[in-house]
Amino acid sequence: MPIITKITQQKKNKERYNIFLDGKYAFSVDEEVLARYQLGKNKEINDLDIGEIEYEDEIRKGFNKALIYLSYRMRSEHEIILHLREHEMGEASIEETMHKLRKYGYVNDAEFAKAFLNTQLRTSDKGPRHIGQALKDKGIEPGIIEETLAVISQEEWLERAEQVIGKVIKKNPKQSKLQIKKKGQDTLSRKGYDGTVTGRVLSEISIERNEEEKWAAVYSQAKKAHSKYIRKFEGYEYEQRMKQALYRKGFSAEEIEKAIERLQEEGQSY
């Protein structure tokens, strides 16, 4: 059987050792594996022993890689498995590595999901559907996702949705109430709020504007419509196109007439 003739500590990684058999480099092992198998100079070792040692060493390396990966933030089991696969670990070694991580409490998908939800609530305005999909992408089981999201009440999601709509109103001072409602609906859907919450928020939305703000909104939209139609239509057809476009945006007939008259007074004739 081969005999260990030399063991040297690696220069770049003091926790790993190079094993030489019969004067030739054979493999390297982690310090913990070295101690567990009591590897020392003049020890005889067969191929079966080498295979077992290399397997245990791969698990040890995987465990260390996982701990480093976890040192930056919490990870789901799926994320860790993908990370270990990227380092070309075998599936058997990965499974044993995950078993050790679970045993020592380094991974817990239920706790990960809770932490992820809290982070999203604190740093974003995303809704439950978006957060649920993000957890699904990280490999969290449907049951855990459902339990995690259930902690947040419908009223709390409603309050968050109202904050989203508030931002939409603030960012679009020159749009009609109808335009803001449509933009708000699109925004809430994109951010992952369900239809029930969206419907309630939009039905209760209150957009308070003074006369000056109302005029600024209709006039701004009238100028945009004017730029679109002035070169294509004239006379009665132009006026009808303008009225239809502004009416669809939710402005009243009185507001529309006033805006068109103002454009005429400013010399933007048709």
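Quick notes on this structure:
- The lysines whose alpha-carbon is closer than 24 Å to the alpha-carbon of residue 12, local same-chain residues fewer than 8 away aside, are 24, 41, 61, 65.
- Across the chain, the longest piece that holds none of the trypsin sites (Lys or Arg not before Pro) lying in DSSP loops with up to 11 other C-beta atoms within 10 Å covers 74-230.
- Considering only 180, 197, 210, the residue lying farthest towards the positive end of the dipole of the range 172-211 is 180, judged by Cα position with unit charges set on Cβ.
- Reachable aspartates and glutamates from residue 114, criterion Cα separation under 17 angstrom, eight or more residues apart if same chain: 77, 79, 125, 137, 141, 146, 147, 156
- Here the calculated FRET efficiency for residue 170 and residue 223, from their Cβ-Cβ distance with R0 = 25 Å, stands at 0.70, rounded to the nearest 0.05.
- Heavy-atom accessible surface of the chain, averaged per residue, reaches 61 Å², computed with a 1.4 Å probe.
- Efficiency of FRET between residue 1 and residue 85 - r from beta-carbon atoms, R0 30 angstrom, step 0.05: 0.30
- Expected 222 nm ellipticity per residue - DSSP helices of 4 or more, -39500 (n - 2.57), all of the chain, to 500: -20500 deg cm²/dmol
- Hits among aspartates and glutamates - C-alpha to C-alpha of residue 223 under 14 Å, sequence gap 8 or more where chains match: 239, 255, 257, 261, 265, 266
- Debye, to nearest 20: dipole size of the range 131-251, +1 on Lys, Arg Cβ, -1 on Asp, Glu Cβ: 1020 debye
- Between residue 244 and residue 146, residue separation times 0.36 nm minus the direct Cα-Cα distance comes to 30.7 nm.
- Label point distance in nm, residue 67-residue 234, each placed 7 Å from Cα along Cα→Cβ: 8.3 nm
- Spacing of the modelled spin labels on residue 133 and residue 49, each 7 Å from Cα toward Cβ, amounts to 5.7 nm.
- Under 13 Å, Cβ to Cβ, from residue 261 - net charge with Lys/Arg +1 and Asp/Glu -1: -3
- When only Cα pairs below 8 angstrom with a gap of at least 6 residues are kept, the chain shows a relative contact order of 11 percent.
- Where Rh is the Kirkwood radius over Cα pairs, Rg/Rh for the chain: 1.34
- About its Cα centre, the chain has a charge dipole of approximately 1260 debye under the convention of +1 per Lys or Arg Cβ and -1 per Asp or Glu Cβ, with nothing else charged.
- Cross-link pairs beyond the 25 Å C-alpha cut-off, checked among 14/138; 182/243; 11/103; 11/100; 103/138: 14/138; 11/103; 11/100
- Of the solvent-accessible surface of the chain, computed with a 1.4 Å probe and all protein chains present, 48% belongs to carbon and sulfur.
The values are calculated or read from the model by the stated rules, or taken from the named source; none is laboratory data. Computed from a predicted model, the values in this text were never measured in an experiment. All Cβ positions, glycine included, derive from the backbone under ideal geometry; neighbour counts span all protein chains shown. Only protein heavy atoms, including side chains, enter the accessible area calculation; ligands, DNA and RNA are left aside. Shrake-Rupley method; radii C 1.70, N 1.55, O 1.52, S 1.80 Å.
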